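Notes follow the structure.
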Amino acid sequence: MDHVELSDDGQIVTLISDAGARTRFHAIWLRDNAWDAETRSAGNGQRLIALRDIPVDLRIDSARIAGTRLELEFQPEARSIDYDLDWLMAHSYDSGSKRETGWLAADIETWDNGLMSAIPLADFNLAKADSRVLRDWLSQLRKYGFGKMAGGPVEPEALLKIAALFGYVRETNYGRYFEVRTEVNPTNLAYTGLGLQAHTDNPYRDPVPTVQILYCLENSAEGGENMVVDGFAAALRLKAENPAWFEVLSKHCARFEYAGEKGVCLRSRRPMIELSADGELIGVRFNNRSTAAITDVPFDEMASYYAAYRRFGEIIDDPAMEVTFKMTPGECFLVDNTRVLHARKGYSGAGSRWLQGCYADKDGLLSTLASLETQSLEAAE
């Protein structure tokens, strides 16, 4: 960094690179994001002050660059605080450009059936023994929202050991885990031999389980291949084809419901394509079996809504969008249930097919990954 400029009123600091690029920061933002010992806990990095503790008439009296640090003098606190320049640039908000609706986080990559030849895969025992293997696999899960694991024990409840690699099981009305095998008069279509359309699980919950694990214990029946579809890729394809249809599915809520067992009536109200306040694509909920009557779309837009809903389903059903595979005992796959839809082809009654499934949450997975990535960086220094 070449030099720094301070506005006359002490409210804006501008960092100027050797190439002349200018990056601005507000005084209040800098004070709120200080990392001195009186502002942040050295143990966990949490703030020790609230915004109310920062003077309303805050200003910066002086600013200078010393090596890799930016040194600031704040008034009326008469406090000197320095900042790491690399940290400031990594957290810069002075982009000057508005992002297009449907933008994706930098660590996400969409995919179609081309991923078939490069499915993220790790061996259970290697991932358990080597944090680097686990880190790389979790990184792929973050990127694609999907991954497989092989070499696990062929025993009931083995899927709980998969969840323990990165987080905790989320218990639901189905229990800590659930069985997926053919039943007579099942309460849920997932337990039959019928094929299932690609869907996200439990859209009727709020919050929805964000990670699903399906673990294979037996699979000698004919058919029954698993399929996964990137819901983000499908949503962006819809947007490219018809922006108005993308908009109608993202601005109006669908309703989802499940009441398949005594004492349970789960309901949620969320859009099929979910955006953050600033337009980031953050979620897809698609499950024809659990969609209740849609009543939150204005009369004049209902026909367009159903046209968009139909086309979204057609895109999801397109074989060009799906990755298909058949699991063997001791294998499992994980999906980001806020993004990746999963399905199953129909299978015959000959032979047996037994999976166990459970839910976990993405915050635990991402926390474990962030910790492993930090350890790797520290080890490299």
Against the definition (surrounded by 15 or more Cβ atoms within 10 Å (Cβ to Cβ) and of a type in the set (S, T, Y)), how does T68 come out, yes or no? no
Scope the stretch 266-301; condition aliphatic (A, V, I, L, M) and open to solvent by 50 Å² or more (accessible area, probe 1.4 Å); matching residues: A277, I282, A293
Options E261, E314; residue that is at pLDDT below 95 and either within 24 Å of G195 (Cβ to Cβ) or exposed (fewer than 14 other Cβ atoms within 10 Å of the Cβ) (or both): E261
Tally time: how many residues in the stretch 176-232 are charged (D, E, K, R), over 23 Å from P319 (Cα atoms) and at pLDDT 90 or above? 5
Taking into account only those residues within the stretch 321-352 that are surrounded by 17 or more Cβ atoms within 10 Å (Cβ to Cβ) and of a type in the set (F, W, Y), which is farthest from L214 (Cα to Cα)? Y347
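Could you tell me whether L236 is under 30 Å from M302 (Cβ atoms), open to solvent by 10 Å² or more (accessible area, probe 1.4 Å), at pLDDT below 95 and not in a strand (DSSP E or B)? Steps first, answer last, please.
Values: under 30 Å from M302 (Cβ atoms): yes; open to solvent by 10 Å² or more (accessible area, probe 1.4 Å): yes; at pLDDT below 95: no; not in a strand (DSSP E or B): yes.
No; evaluated as a whole, the condition is false for this residue.
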Being in a helix (DSSP H, G or I), more than 16 Å from R339 (Cα to Cα) and of a type in the set (A, V, I, L, M, F, W, C) is the filter here; which residues of the stretch 110-129 pass it? M116, A118, F124, L126, A127, A129
Say whether the condition of being touching a residue at least 40 places away in the same chain (Cβ under 8 Å) and surrounded by 15 or more Cβ atoms within 10 Å (Cβ to Cβ) is met by at least one residue in the stretch 90-101. yes
Counting only strands (runs of 3 or more DSSP E) wholly inside the stretch 253-340, the ones holding at least 3 residues that are of a type in the set (D, E, K, R) and either in contact with a helix residue (DSSP H, G or I) (Cβ under 9 Å, 6 or more places away or on another chain) or more than 30 Å from S220 (Cα to Cα) (or both) are 266-270
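Can you tell me which residue within the stretch 126-139, out of those that are without any contact (Cβ under 8 Å) to a residue 40 or more places away in the chain and open to solvent by less than 60 Å² (accessible area, probe 1.4 Å), is nearest to the chain's Cα centre (by Cα)? Break it down stepwise before answering.
First pass over the stretch 126-139, keeping only residues without any contact (Cβ under 8 Å) to a residue 40 or more places away in the chain: 126-130, 133, 136-137.
Subset that is open to solvent by less than 60 Å² (accessible area, probe 1.4 Å): 127, 130, 133, 137.
Values: A127: 21, D130: 24, V133: 21, W137: 15 Å.
The extreme case among them is W137.
Is there a residue in the stretch 353-362 that is part of a helix (DSSP H, G or I), of a type outside the set (A, V, I, L, M, F, W, C) and either open to solvent by 30 Å² or more (accessible area, probe 1.4 Å) or touching a Cys at 6+ places or on another chain (Cβ under 9 Å) (or both)? If you could, list the steps in order and put the result at the bottom.
Pass one, the stretch 353-362, residues part of a helix (DSSP H, G or I): 362.
Adding the requirement that they be of a type outside the set (A, V, I, L, M, F, W, C) leaves 362.
Those still in the list that are either open to solvent by 30 Å² or more (accessible area, probe 1.4 Å) or touching a Cys at 6+ places or on another chain (Cβ under 9 Å) (or both) too: 362.
Looking through the stretch 353-362, at least one residue is part of a helix (DSSP H, G or I), of a type outside the set (A, V, I, L, M, F, W, C) and either open to solvent by 30 Å² or more (accessible area, probe 1.4 Å) or touching a Cys at 6+ places or on another chain (Cβ under 9 Å) (or both).
Of all residues in the stretch 142-170, which are assigned to a helix (DSSP H, G or I) and open to solvent by less than 20 Å² (accessible area, probe 1.4 Å)?
In the first step, residues of the stretch 142-170 are kept if they are assigned to a helix (DSSP H, G or I); the result is 142-144, 158-164.
Of everything in the stretch 142-170, those that are assigned to a helix (DSSP H, G or I) and open to solvent by less than 20 Å² (accessible area, probe 1.4 Å) turn out to be A158, L159, I162, A163.
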Close pairs from the stretch 49-68: first under 18 Å from D18 (Cβ atoms), partner surrounded by fewer than 16 Cβ atoms within 10 Å (Cβ to Cβ) and among the aromatic types (F, W, Y), Cβ under 9 Å, at least 6 apart: none
Scan the stretch 205-233 for residues that are assigned to a loop (DSSP other than H, G, I, E, B) and either under 16 Å from the mean Cα position of the chain (by Cα) or buried (at least 24 other Cβ atoms within 10 Å of the Cβ) (or both) and report the count. 5
Looking only at the stretch 363-375, how many residues end up being farther than 22 Å from P207 by Cα, open to solvent by 40 Å² or more (accessible area, probe 1.4 Å) and in contact (Cβ under 8 Å) with a residue 24 or more places away in the chain? 2
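Residues of the stretch 9-33 being charged (D, E, K, R) and over 34 Å from the mean Cα position of the chain (by Cα), which ones? Before you say what the answer is, go through the steps one by one.
Filtering the stretch 9-33 for residues charged (D, E, K, R) gives 9, 18, 22, 24, 31-32.
Result: D9, D18.
The values are calculated or read from the model by the stated rules, or taken from the named source; none is laboratory data. Keep in mind the model is a prediction, meaning the values are calculated, not measured. Cβ coordinates were reconstructed from backbone atoms using ideal geometry, including for glycine residues, and neighbour counts include every protein chain displayed. Each accessible area value is taken on the protein alone, full model and side chains, heavy atoms only, with ligands, DNA and RNA left out. Shrake-Rupley method; radii C 1.70, N 1.55, O 1.52, S 1.80 Å.
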